[in-house]
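**Student:** Please see the structure below; I have some questions.
The values are calculated or read from the model by the stated rules, or taken from the named source; none is laboratory data. A quick note: this is a predicted structure, and the numbers were derived from the prediction, not measured. Glycine gets a Cβ as well: all are built from the backbone with ideal geometry, and neighbour counts include every protein chain shown.
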Amino acid sequence: MKYVSTRGNSEPAEFKEILLEGLAPDGGLYVPETYPKFTDAELDALRGLPAAPDAAQAGKNYHEVALTVLRTFITDIPEGDLKTLIARTYTKEVFGTQEITPLKQLEPGLSLLQLSNGPTLAFKDVPLQLLGNLMEYVLAEKGRELNVLGATSGDTGSAAAYALKGKKNLRLFMLSPHGRMSRFQQLQMYTLSEPNIFNIVVNGTFDDCQTIVKEANADADFKKKYKLGAVNSINWGRIAAQIVYYFYSYSRLTKNNSERVAYAVPSGNFGNALSAHIAREMGLNIEIIVCTNENDVLDQFFSSGIYHIRKGSEVKVTSSPSMDIASASNFERFVFDYVGRDSEKVRALWQELNAKREFDIGNSEPGTAFRMTSGSATDKDVLETIREAHKKYGYVIDPHTAVAMKVGLEKREKGIPLVVVETAQPAKFADTIREALGFEAPIPKSYESLANLPEHTTRMENETDLVKKFIAEHVS
């Protein structure tokens, strides 16, 4: 499998090369030359894996599905090594259950895809734990080092830190916006004391942080000299790992491939919804509902065909901070597919976006053409949905998952089972849970002492040159 850039001006490369690159040299995002297609017989084989009478067998099933999906994308790592990396990553010790991403039925036709069982209690643990092991494997093979530069609006930072801590030949420089994450998220990141982890707190928004990452990567000389890489969802390895749980859950929910399943996906940077889109392109019979908060750039696009990115000052601070973004960094991959993989058209659209802050894809029936349904939820909706879910199902959901549940239930097609894709455990958003339910969200015992630990951060103005200087000073 070779990978090409959405901008069309970078040489095709194999997985191990793009894993360490992040953005392509031409500023685009790497995508497979073609999406592998699963036949009905191959999907039936996944569904026909041995039933899971106990937890150990369920874990094996996830490993089998992961290997079946990932080996179609990762063809330059021997299958035996890939199998070992998958088995080392997805364990009961790390994810609390051998099922890794279990389905919880709330009522007939409504399930929750539980993705928050990892070490930082968020869905991003699922791809990032694997990404860390893949990167360490490839760097050891190549005898190289990598300095990962990332930006977080909430969960990516801690998930990346816990995935890369202690990894050989890897350093992580993670940018986060000052005062724009929950206190629990801050403590998870900032109290981690590891010599290869650097937390840089930026006076700005998440989009400011993301812009710094892109500008540093766009400096080809700096990127080469300081060996920059990425763990944000611009890294294809994350997207590939997320595709797995759509295959896994779909095979659990259906008896044959004529059955449709709808997924309500909380969407910020669009990586999770993109993974669902690609899973559908690979053969899954699924519907996708893109769910946004009041920062509804994606909902506006899927409703109108107009993509308008906002200024940082226009981004609202909401109870679902991982979705408080002005532009979705994975959106370019979807547009690339939508315009028939025409990289010239993509370049033209992004030139227009850079000049005018928006473009119109030019379709009179966007919802039908995009094969996506979308909607948005307010903070008031979030509180009401958290209350309703607890009252009806006895289950506490986090604000991002509440966005997906509210929009998913509103937009679902009658008769089609709905899966709400979980984002994180509610303990990460204590203030919102307290406001909604009047009690504290339970905190896992392993996190009870976080508030008493020292924090390790460097505060910095919103300037790319300052971040580049910091990296240069801390890379030996």
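**Student:** Can you tell me which of (1) modelled with pLDDT under 95; (2) closer than 26 Å to Thr75 by Cβ is the one Leu192 doesn't meet?
**Tutor:** (2)
**Student:** If Glu388 satisfies every condition in (1) without any contact (Cβ under 8 Å) to a residue 12 or more places away in the chain; (2) under 22 Å from Ile309 (Cα atoms); (3) in contact with a helix residue (DSSP H, G or I) (Cβ under 9 Å, 6 or more places away or on another chain) but one, which is the exception?
**Tutor:** Going through (1) without any contact (Cβ under 8 Å) to a residue 12 or more places away in the chain; (2) under 22 Å from Ile309 (Cα atoms); (3) in contact with a helix residue (DSSP H, G or I) (Cβ under 9 Å, 6 or more places away or on another chain) one by one, Glu388 breaks only (2).
**Student:** Of the conditions (1) in contact with a Pro (Cβ under 8 Å, 6 or more places away or on another chain); (2) at pLDDT 95 or above; (3) in a helix (DSSP H, G or I), Glu435 satisfies every one except a single condition; which number is it?
**Tutor:** Going through (1) in contact with a Pro (Cβ under 8 Å, 6 or more places away or on another chain); (2) at pLDDT 95 or above; (3) in a helix (DSSP H, G or I) one by one, Glu435 breaks only (1).
**Student:** Here is a list of conditions, (1) charged (D, E, K, R); (2) at pLDDT 95 or above; (3) surrounded by 19 or more Cβ atoms within 10 Å (Cβ to Cβ), and Glu21 meets all of them except one; can you say which number that is?
**Tutor:** All conditions pass for Glu21, except number (2).
**Student:** Consider region 98-145. How many of its residues are in a loop (DSSP other than H, G, I, E, B), touching a helix residue (DSSP H, G or I) at 6+ places or on another chain (Cβ under 7 Å) and among the polar types (S, T, N, Q)?
**Tutor:** Result for region 98-145: 4.
**Student:** I would also like to ask the following. For region 357-366, indicate whether the set of residues that are within 28 Å of Ile286 (Cβ to Cβ) and in a helix (DSSP H, G or I) is non-empty.
**Tutor:** yes
**Student:** Right, here's the next one. Just checking, how many residues over region 77-94 are in contact (Cβ under 8 Å) with a residue 40 or more places away in the chain and either under 23 Å from the mean Cα position of the chain (by Cα) or assigned to a loop (DSSP other than H, G, I, E, B) (or both)?
**Tutor:** The number of residues fulfilling the criteria is 6.
**Student:** Of the numbered conditions (1) among the small types (Gly, Ala, Ser); (2) touching a strand residue (DSSP E or B) at 6+ places or on another chain (Cβ under 8 Å); (3) in contact (Cβ under 8 Å) with a residue 40 or more places away in the chain, Gly271 satisfies every one except a single condition; which is it?
**Tutor:** (2)
**Student:** (1) surrounded by fewer than 24 Cβ atoms within 10 Å (Cβ to Cβ); (2) under 25 Å from the mean Cα position of the chain (by Cα); (3) touching a residue at least 60 places away in the same chain (Cβ under 8 Å); (4) assigned to a loop (DSSP other than H, G, I, E, B): which one isn't true of Ile397, the others all being true?
**Tutor:** (1)
**Student:** Any residue in region 192-218 that is touching a residue at least 40 places away in the same chain (Cβ under 8 Å) and charged (D, E, K, R) sitting within a Cβ distance under 6 Å of a residue that is surrounded by fewer than 21 Cβ atoms within 10 Å (Cβ to Cβ) and not in a helix (DSSP H, G or I)? List the pairs, counting only those 6 or more apart or interchain.
**Tutor:** Asp208/Asn462
**Student:** Here's a follow-up. Can you find even one residue in region 178-192 that is farther than 22 Å from Gln425 by Cα, in contact with a Leu (Cβ under 9 Å, 6 or more places away or on another chain) and not in a helix (DSSP H, G or I)?
**Tutor:** The answer is no; no qualifying residue exists.
**Student:** Can you tell me which residue within region 143-156, out of those that are farther than 19 Å from Asn199 by Cβ and in contact (Cβ under 8 Å) with a residue 40 or more places away in the chain, is surrounded by the most Cβ atoms within 10 Å (Cβ to Cβ)?
**Tutor:** Among residues in region 143-156 that are farther than 19 Å from Asn199 by Cβ and in contact (Cβ under 8 Å) with a residue 40 or more places away in the chain, the one surrounded by the most Cβ atoms within 10 Å (Cβ to Cβ) is Glu145.
**Student:** Which members of region 290-323 meet the condition of being among the acidic types (Asp, Glu) and either touching a Gly at 6+ places or on another chain (Cβ under 7 Å) or touching a residue at least 40 places away in the same chain (Cβ under 8 Å) (or both)? Break it down into steps so the answer makes sense when it comes.
**Tutor:** Within region 290-323, the subset among the acidic types (Asp, Glu) is 294, 296, 299, 314.
Answer for region 290-323, where residues must be among the acidic types (Asp, Glu) and either touching a Gly at 6+ places or on another chain (Cβ under 7 Å) or touching a residue at least 40 places away in the same chain (Cβ under 8 Å) (or both): Glu294, Asp296, Asp299.
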